[in-house]
Structure formats: C-alpha cells, structure tokens
Amino acid sequence: MFKKIYFVLPVMFLFTGCAVSTPVVYGAEKQTEAVTETETPVETPTLTVTATETETLIEAAAETYVETPVETIIAVIPDNPKPGEPITIGTRAGSGAVTAVLVVDGRRLSRGVFFPVPSETDESGNRTRPFRAAILTIPSTARPGSAVIVLEGNGGAADAVGSITINIAGRDFLSETIRLNNALTRILTEPNPQRTAEAEHLWAILNRAGTEVYATGYFSPPVNSTRRTSHFGSRRVFINADGSRSQTIHAGVDYGVPTGTRIASCAPGKVVLARHRIISGYSVIVEHLPGVYSLYYHLDSIDVNEGDIVTTGTLLGLSGSTGLSTGPHLHWELRVLGENTDPDTFISRPILDKNLILSKLEN
C-alpha cells in the first residue's frame with residue numbers, strides 16, 4: 001500500500017573546496033570512477049531497472065494511494081543536492097522501507113540501506129521517538145535534472161513503499177593532468193593478480209552496510225593543514241612514461257602535507273582495514289555508519305589495527321608517499337556504499353542530524 005509522503009527539504013549547504021585548476025562542466029557521457037585516484041575498479045553488481053518498470057512502480061503506487069490513520073512521513077536532507085553529495089532520508093519506524101534507491105531515467109544509480117536510530121533522552125529529560133534513516137550519495141557523474149528516490153521493502157524493486165522526486169543541481173569540477181614516471185606507470189598499467197585481489201577486497205568492504213552507528217555529528221578534517229593539491233571530483237588525465245593516456249575521476253581530497261604529518265580519524269568509528277596496498281600504499285579505512293566509510297591513503301606508517309574502535313582525532317598513522325603517489329600527501333576519501341562522496345559535505349553539516357530529522361518528522 002502506498003502511503004502519503006510529506007516533503008521536508010531544508011536549505012542546501014555550500015561546497016567549500018578551493019579551485020586551483022581549470023573548471024570543466026560534467027559531460028554527457030558517464031565516466032568510469034576509480035577505486036582510488038588511479039585504481040581500475042573491479043566490476044560491482046549492476047543496479048538496473050528499465051524505465052517501464054520504474055513507471056509501472058510509480059503508477060501502481062499512485063493508483064493504490066489511500067488515506068490511512070497512520071501516515072508515512074519522510075524527511076529528506078538536503079534540497080537540490082549536487083553530484084557527489086550525500087542525502088539523508090529519515091522515516092518513522094514501521095514504514096516498511098528497507099532500502100532507498102536513486103533512479104534516473106530508469107537507471108538505479110546508487111542506494112542506501114535503512115538502519116534504526118533508537119530513542120534517546122533529550123536535554124529536557126524527555127524521550128525522543130525512534131526512527132529509521134538511510135544515507136545515499138548522488139554520483140559525481142550524475143547529470144543535473146529530475147531524479148526519483150524509490151523506497152523499497154523486503155521485496156526489492158517489486159515492493160516499492162513510496163517514492164520521492166528530487167532535483168539534482170548542476171556542478172562544475174576541476175580538470176588536471178598528471179605525468180607518471182616509469183615506476184608509477186608500471187604500477188598503474190602492468191597486470192598484477194595481487195592488485196586485482198586487493199581491489200576486490202576493497203570493494204567487498206565499501207559495498208557492505210553494517211548495523212552500527214558510531215558517528216552522527218560533524219566530521220573533522222584529518223589534518224590541520226588547509227593546503228589542497230587536488231580536489232574532489234577532479235577529472236584527471238594520466239600521461240604514462242610511454243606517452244599513452246588514461247582518464248579517471250579523483251574520488252577524494254589530497255592534502256599537500258610533508259611526510260610524517262599526523263593523520264587523525266575524522267569521526268568516531270571502527271577500523272575495518274589497516275594494511276599496505278599496491279595502489280594506495282599504507283592505507284586505513286574507518287566505518288562510521290552503515291555503509292559510510294572514510295579512507296586514508298599513501299601513509300608512511302599505520303598506528304591502528306583492524307577492529308580498533310576510534311574517536312574523532314585518534315591517531316591513525318603518519319602521512320607519506322607510498323603506493324601510486326607522485327609526492328608526500330594524504331589522500332582522504334568518503335564512501336557511501338561504494339559511491340565516492342564529497343568529504344566537505346560531512347564537515348559542513350551533520351550527516352545524521354537527529355534533531356533536525358525528528359523535528360521534520362514531528363511537524
């Protein structure tokens with residue numbers, strides 16, 4: 001049964017990245033995104049649904065719309081998201097929603113998994129109402145225009161319990177060209193079974209939605225420096241030693257810091273990876289919410305172990321230039337169920353603003 005949905009969409013937060021390269025507008029064709037700034041991704045399960053199937057779901061839902069004593073109220077934050085930004089969806093417990101799927105022109109582009117947010121005691125001593133939340137990201141390759149978030153129950157696409165129409169705003173990204181020497185060209189281009197296995201292991205982690213909520217507030221930058229040498233979503237061209245070229249999208253933010261700089265966890269969470277990898281060198285990944293991960297690459301050393309629980313500011317390691325790197329720096333990423341996500345968004349607003357979500361649900 002399709003139930004009434006209220007739209008509650010607050011004001012958009014601004015992107016705060018600095019521009020140092022030539023801006024380019026997202027092109028007509030979707031580009032392949034890499035696991036790291038240069039890593040070729042392993043194929044992930046395709047999220048596909050035909051336009052006819054999507055229209056059928058929405059039409060069927062509209063036809064079965066009825067007034068019910070208990071209405072499904074959904075809060076969506078923010079309004080008019082840009083490519084690369086996360087969306088937080090809140091709904092009351094018992095809505096039946098299990099996943100939220102972003103659908104554009106009949107294609108399932110990204111998804112989020114609902115998880116419970118328990119009742120708490122507020123500052124006045126009153127108990128808040130429990131609710132469910134899901135986080136998904138607008139892909140950095142998404143075109144501006146109309147999109148639909150379909151809420152699905154246990155039956156998947158055939159069990160739609162609601163849909164929300166949103167508008168994806170336009171966004172410009174920077175472009176940059178990077179020249180690689182012989183050693184880095186070999187790391188990038190030569191077949192290597194270990195590199196493939198490492199990529200498969202990485203994707204298995206990033207596409208997994210756990211059940212723990214470690215972080216709900218603002219995230220913090222992992223370093224004190226504000227010097228950025230590369231920005232989120234930059235369209236990159238690599239020129240190999242033999243003159244050949246490859247293109248990719250920069251999935252995170254690069255901080256130009258010297259070797260030995262302290263790297264801190266950006267928020268509370270659990271360390272799910274702490275090891276050396278061919279492409280990203282000494283690497284740490286921290287899980288913060290179901291499906292939400294922060295990644296720290298090219299470290300010189302690691303100070304945590306897999307399974308450790310960390311808080312904001314916990315020392316993860318020291319910066320370096322290991323793996324496929326042209327100089328000392330920290331590569332910092334945020335991923336939401338595998339989708340590369342703008343880290344600045346997590347700094348500018350709480351990814352799970354309980355008070356805001358509850359106020360929207362109550363009103």
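The table that follows gives values for the structure above.
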| read-out | value |
| --- | --- |
| Average Cα contact separation per residue, region 176-272, under 8 Å, 6 or more apart, as relative contact order % | 37 |
| Estimated inter-spin distance, Arg186 and Leu315, nm [label 7 Å along Cα→Cβ] | 3.5 |
| Contour minus Cα-Cα distance for Asn126 and Glu306 (0.36 nm per residue) | 61.0 nm |
| Two-site label geometry, Val237 and Thr196: point separation in nm, points 7 Å out along Cα→Cβ | 3.0 |
| Lys/Arg +1, Asp/Glu -1 at C-beta; region 173-347 dipole; positive extreme among Leu315, His250, Asn207 | His250 |
| Net charge, Ile239 excluded, C-beta distance under 10 Å - Lys, Arg +1, Asp, Glu -1 | +1 |
| Anisotropy class of region 103-145 from Cα gyration tensor, a/c 1.5 cut | prolate |
| Rounded to whole Å, sorted largest first: equivalent-ellipsoid semi-axes of region 173-347, Cα gyration tensor | 26, 17, 16 |
| Calculated FRET value between Ile178 and Arg262, using beta carbons and R₀ = 25 Å, to 0.05 | 0.40 |
| Sorted by Cβ density within 10 Å, fewest first, the residues His201, His250 | His201, His250 |
| Relative contact order (%) - region 239-316, alpha-carbon pairs under 8 angstrom, separation at least six | 32 |
| Cβ-defined net charge surrounding Leu316, 11 Å radius [Lys, Arg +1; Asp, Glu -1] | -1 |
| For Trp332, Trp203, order by how many other beta-carbon atoms lie within 10 Å, fewest first | Trp203, Trp332 |
| Shape call, region 72-138: gyration tensor on alpha carbons, a/c limit 1.5 | prolate |
| Local electrostatic count at Thr137 - Lys and Arg +1, Asp and Glu -1, tallied over other residues with Cβ under 10 Å | -1 |
| Prolate/oblate/rounded label for region 176-215 (Cα gyration tensor, a/c 1.5) | oblate |
| Gap separating the Cα centres of region 70-123 and region 179-227, nearest whole Å | 26 |
| Value of relative contact order over region 173-347, rounded to a whole percent, pairs C-alpha under 8 Å and six or more apart | 26 |
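Readers should treat all values here as calculations from the given coordinates under stated rules, not as data from a laboratory. Note that the structure is a prediction, hence the values are computed from the model and not measured. When we count neighbours, we look across all protein chains shown, and the Cβ atoms used for this are built from the backbone with ideal geometry, even at glycine.
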